[in-house]
Amino acid sequence: MGKTTLTANLGAGFAARGQKVLLIDLDAQASLTISFFTQSEWTADLLPNRTVKHWFDGIGTDGALDTPADLVSSPPRVHDKLARSSGRLDLIAAHRDLTDVETALAAELLSDPAGFSLLHGRLREALTHKDFAEYDTVLIDCAPNFGLIAKNAVAASDLLLIPTKPDYLSTNGIDSLGLKIRTFIEEYNQYSAVPVERPAAAVVFTMVQNQNGSPIDAQRSVISRIEAREVPTFSTTIRDSKAVYGPRPSTACP
Ligand SMILES: Nc1ncnc2c1ncn2[C@@H]1O[C@H](COP(=O)(O)OP(=O)(O)O)[C@@H](O)[C@H]1O
Ligand SMILES: [Mg+2]
């Protein structure tokens, strides 16, 4: 929990510090997209032909896009705020029918199991295009399910950030996610002529309630339990704050 909020705020923060940042929204709920664009901009300007679905859909067809770089959009308000810095924040928007892409990719895999690494390596391959070379950081926001689209993101990444609220239910899935990631990379490398390294992964504790400068006892004990299992964790935590993290990042960006 807190994936989109972390992605949006990291993106805005890096851009405010002068980095060129690309955000990719791979969740059909499009929370990241509408953190930076208004609902009506998304619906009118992006949904018809400028979303990541259009790139996934085009693959293997006559109308295939040379690169998803053609789908990059710049949120106008953020653009204005960054006008006097060298920072830049761009985004490839999500589509509400991204789940159809998931289904189509799964069907492709079923009909050609040997295409495993090709299918899961599409985003990785696409991001090597020269048009993406100008970005200092690419942040990819995933949906909660570990399907073919999220696996494309894993194969394309150097680092996986796993935000979690330090409570029993939220941290429950961390071990199984770790195992799924390991299994996926092993399978990918069985099929791929060019093996990929398993990306480093680390937990980011979010929605932390501090009291006198440290997390409240209940959260502290969950954090200690995770650290004791030798799961890599960031020592920096994100505090629970509806006031800071509630508003849209486009208005929060300095
Ligand atoms: N640090 C935080 N403090 C308070 N509320 C937060 C924080 N991070 C996220 N939230 C809120 O929690 C909800 C879920 O966050 P979100 O980032 O959309 O999670 P996910 O992308 O994992 O579904 C949102 O309402 C968001 O505003
Ligand atoms: Mg989200």
* Asked: So what does log10 I(q)/I(0) come out to for the stretch 119-254 at q = 0.12, 0.14, 0.22 Å⁻¹, using the Debye formula with one equal point on every Cα and no solvent?
  -> -0.60, -0.79, -1.34
* Asked: What figure in square angstrom, to the nearest 10, would you give for the accessible area of residue 244 with a 1.4 Å probe?
  -> 60
* Structure fact -> Note to self, the chain gives a 222 nm [θ] from helices alone (DSSP H runs n ≥ 4, -39500 (n - 2.57) apiece, / all residues, nearest 500) of -11500 deg cm²/dmol
* To do: Tell me the label-point distance for the pair residue 145, residue 77, using the 7 Å Cα-to-Cβ offset, in nm and rounded to one decimal.
  => 3.1
* Under the span-like rule (Cα at least 15 Å along the axis, Kyte-Doolittle mean at least -0.5), DSSP H helices of the chain -> 3-16, 98-111, 174-191, 217-228
* Between residue 231 and residue 177, what is the label-to-label distance in nm when each label sits 7 Å out along the Cα-to-Cβ direction? -> 0.8
* **residue 1 accessible area, 1.4 Å probe, all protein chains in place, Å² to nearest 10** => 130
* To do: Report ³J(HN,Hα) in whole Hz for each residue of the stretch 45-50, in order, from the Karplus equation J = 6.51 cos²θ - 1.76 cosθ + 1.60 where θ = phi - 60°; Gly and Pro get x.
  => 9, 9, 4, x, 7, 10
* Asked: Rounded to two decimals, what is Rg over Rh for the chain when you use alpha-carbon atoms and the Kirkwood radius?
  -> 0.97
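Counting alpha carbon pairs within less than 8 Å and at least 6 residues apart, what relative contact order, in whole percent, applies to the stretch 117-215? Don't skip to the end; give the middle numbers.
Values: 88 pairs, mean separation 33.7, N = 99.
Reported relative contact order: 34 percent.
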* Structure fact -> The summed charge of the residue 208 Cβ neighbourhood (under 15 Å; Lys/Arg +1, Asp/Glu -1) stands at +1
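Pop out the carbon and sulfur fraction of the accessible area of the stretch 3-252 as a percent, whole number, probe 1.4 Å.
50
Could you compute the FRET efficiency for residue 212 and residue 134, with r as their C-beta to C-beta distance and R0 at 35 Å, rounded to 0.05? Kindly include the intermediate steps, with their values, before the conclusion.
Working: r = 45 Å, r/R0 = 1.27.
Approximately 0.20, to the nearest 0.05.
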* State in Å² the accessible area per residue of the stretch 3-252; use a 1.4 Å probe, count heavy atoms of protein chains only, and round to the nearest integer. => 52
* Over the chain, what is the mean sequence separation of C-alpha contacts under 8 Å (at least six apart), divided by residue count, expressed as relative contact order in percent? -> 25
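The values are calculated or read from the model by the stated rules, or taken from the named source; none is laboratory data. Just so it is clear, the model here is predicted, and its values are computed rather than measured. Cβ: placed from backbone, ideal geometry, glycine included. Neighbour counts: every protein chain shown. Each accessible area value is taken on the protein alone, full model and side chains, heavy atoms only, with ligands, DNA and RNA left out. Shrake-Rupley method; radii C 1.70, N 1.55, O 1.52, S 1.80 Å.
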